[in-house]
Amino acid sequence: MLKLFQQKIAQYTFLSILLLIAWNCSGRPVAPSYENRNEQKKEEQLPAPTIKVYVENSGSMDGYVKGVTDFENAVYSYLSDLQHADLGQKDSASHKNRLELNYINSEVLTHKSDVEEFIRKLEPATFKMRGGNRNTSDMSDILDSILKRMESPNDVSIFISDCIFSPGKRYKPQDNADKYLVAQQIGIRNHLTEYLMDNPDLGVVVMRLISQFNGNYYNKFDEPTYIKDNRPFYICLFGNKKQLKRIMNEIDKDRIVGSGVQNVFMLSKANGELNYGLLFPQCVGEFIQDKANPKTTVTGAKPEKNGGISQFQLAVGVDYSHYLVGETYLMNANNYSISNKAYTLAISKNSTSNSTYTHVLKLNLNQPIISKGSIKITLLNRLPEWIAQYTDESGLDINAPGAMEKTYGFKYLMQGIYDAYSTGQEKYGSITINIK
């Protein structure tokens, strides 16, 4: 009996030691991840969206449709993929998603639902025959027309254009044309702000692509220059952010034929708190999980000595799945702020397949001594750098160095959209990790 009692004591002692070891995060034991996998909610079933397509057919767009171009092939492939994607209930006769096809300039010009005829068979002459005022491009009015035709929360609008502002000759001299851009930015902001008041879940996706261009380029004073070169164009999506996420997941941007998608910008309102927690197997150093707040707090933190170098790293899993934010944006450390400058940040995709966290944020100590306290990591809401990079500021000479790959006034369009979202929302969300 005494021998049995001693065996039991030894077993309990051994188990207690194991638990204490697991409680300390030194990079060797695997501690609980606290990812609440059982609490993950199923995605709600979304109704099928009504997809309304608008291709701008102003005179500046003619060069994109002369001959067979990447513009035609990219748009044709994208709209065809949309027709066949799993987006809900398809038409019972055609077994396709129904697309409402339109051209747009000074007015909306409805076209029959034949994608091939709508875009693939276009030439400048047929483009012109579609009608409307093709002389100027008032982006504020165009956006207003598109938003007013989004009558249901499940409507998704797709605007395809070179997105060039065309003030026209009446805005000479230079300062008048520049004032026109500012007025356009304000108008775009106002139209979107009004729409967001009733539709706060509206999201925006802007994709920049490249195509051959063979025709007249019109500068900001409507003066033509013949060019035969590669020029940018844009596919812009507006709709409920859940619908847009579904479309982006169903139709990967890398599947769009032609020269491919060069840049992506996504924007939406941030709703709800972020789900996050420490990922202890990926930590470096010594500490103890806080019993009261094991997902966010550690105590007794000490760096690990490796070859005379002090190393300390906290890994945090974060779920960004409910955000409409581009992957490139999320992976850029410049889009985050850290309240404690003793730490630097590295971001990676979470490779754990059964995890509820989409990304891993790694806080790395950049000094020998642990800096304790609350560390706040914030995902900022800002315009991506590529928007300014590809904006033509002058709008005068398309053959000026670097101008061919840029778009006149583009940042004013994007700034107007951004302003509607960023007022009162300079950040998407924050997480806080405590080191005691």
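The values are calculated or read from the model by the stated rules, or taken from the named source; none is laboratory data. Being a predicted model, the structure only gives us computed values, none of them experimental. When we count neighbours, we look across all protein chains shown, and the Cβ atoms used for this are built from the backbone with ideal geometry, even at glycine. These area figures cover heavy atoms from the full protein model, side chains too; ligands, DNA and RNA do not enter into them. Shrake-Rupley method; radii C 1.70, N 1.55, O 1.52, S 1.80 Å.
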Task: Furthest towards positive pole of dipole, Ile188, Phe213, Val284, structure part the chain, Cβ charges - done: Val284
Open item on the list: Within the chain, which whole H helices from DSSP have a Cα span along their axis of at least 30 Å and a mean Kyte-Doolittle hydropathy of -1.0 or more, if any?
Closed with: 2-23, 174-198
- [ ] Would you look at the GNM of the chain, springs on alpha carbons closer than 10 Å, and say which of Asp144, Asp62, Asp114 moves the most?
- [x] Asp114
Open item on the list: So, taking all protein chains as they sit and a 1.4 Å probe, how much accessible area belongs to His322, in Å² rounded to tens?
Closed with: 110
- [ ] Could I have the simple spin-label model distance between Glu194 and Arg98, label points 7 Å from Cα toward Cβ, reported in nm to one decimal?
- [x] 2.8
TODO: Pop the C-beta distance of Thr344 and Leu274 into the FRET formula with R0 = 22 Å and round what comes out to the nearest 0.05.
DONE: 0.60
TODO: Specify whether the C-alpha gyration tensor of the range 49-114 places it in the rounded, prolate or oblate class, a ≥ b ≥ c being the square roots of the eigenvalues: rounded for a/c under 1.5, otherwise prolate if a/b is larger than b/c and oblate if not.
DONE: oblate
Task: Structure-derived Rg and Dmax of the Cα atoms in Å - corresponding label in [x] 27.1, 105; [y] 22.4, 92; [z] 20.5, 64 - done: [x]
TODO: Ignoring everything but the protein chains, give the 1.4 Å probe accessible area of Tyr390 in square angstrom, nearest 10.
DONE: 40
TODO: Assign unit charges at the C-beta atoms only (+1 for Lys and Arg, -1 for Asp and Glu), then state the dipole size of the range 278-376 relative to its Cα centre in Debye, rounded to the nearest 20.
DONE: 220
Task: Cβ-based charge dipole, the chain, positive-most Cα from Ser355, Ser77, Ile417 - done: Ser355
Task: Accessible surface, the chain, averaged per residue in Å² (probe 1.4 Å) - done: 48
Task: Cα gyration tensor, the range 263-305 - rounded (a/c under 1.5), prolate or oblate - done: oblate
Open item on the list: So, R0 is 41 Å and r is the distance between the beta-carbons of Ile288 and Leu380; what FRET efficiency does that work out to, to 0.05?
Closed with: 0.80
Task: Cβ-placed point charges (K, R +1; D, E -1), dipole of the chain about Cα centre in debye, nearest 20 - done: 1740
TODO: Determine the distance separating the Cα centre of the range 318-347 from the Cα centre of the range 184-250; give it in Å without decimals.
DONE: 25
Open item on the list: Using a 7 Å offset from the Cα along the Cα-to-Cβ direction at both Thr225 and Gln367, what is the distance between the two label points in nm, to one decimal?
Closed with: 5.3
- [ ] Can you find, among Val115, Gly260, Asn434, the residue farthest towards the positive end of the dipole of the chain? Put +1 on the C-beta of Lys and Arg, -1 on that of Asp and Glu.
- [x] Asn434
Open item on the list: Heavy atoms only, 1.4 Å probe, whole protein assembly: order Ser152, Ser157 by accessible area, highest first.
Closed with: Ser152, Ser157
Open item on the list: With +1 on the Cβ of every Lys and Arg and -1 on the Cβ of every Asp and Glu, and nothing else charged, how large is the dipole of the range 232-340 about its Cα centre, in debye rounded to the nearest 20?
Closed with: 240
- [ ] Considering Cα pairs under 8 angstrom that are at least six residues apart, work out the relative contact order of the chain and quote it in whole percent.
- [x] 18
TODO: Go through 288-296, 213-221 and give me the packing order, highest mean Cβ count within 10 Å leading.
DONE: 213-221, 288-296
Open item on the list: Quick check on the range 287-345: take the gyration tensor over C-alpha atoms, sort the square-rooted eigenvalues as a ≥ b ≥ c, and tell me if it's rounded (a/c under 1.5), prolate or oblate.
Closed with: oblate
- [ ] On the protein heavy atoms, probe 1.4 angstrom, tell me the percent of accessible surface of the chain carried by carbon and sulfur.
- [x] 50
Open item on the list: As a test question: what accessible area, to the nearest 10 Å², does Thr193 have when a 1.4 Å probe is rolled over all protein chains in place?
Closed with: 50
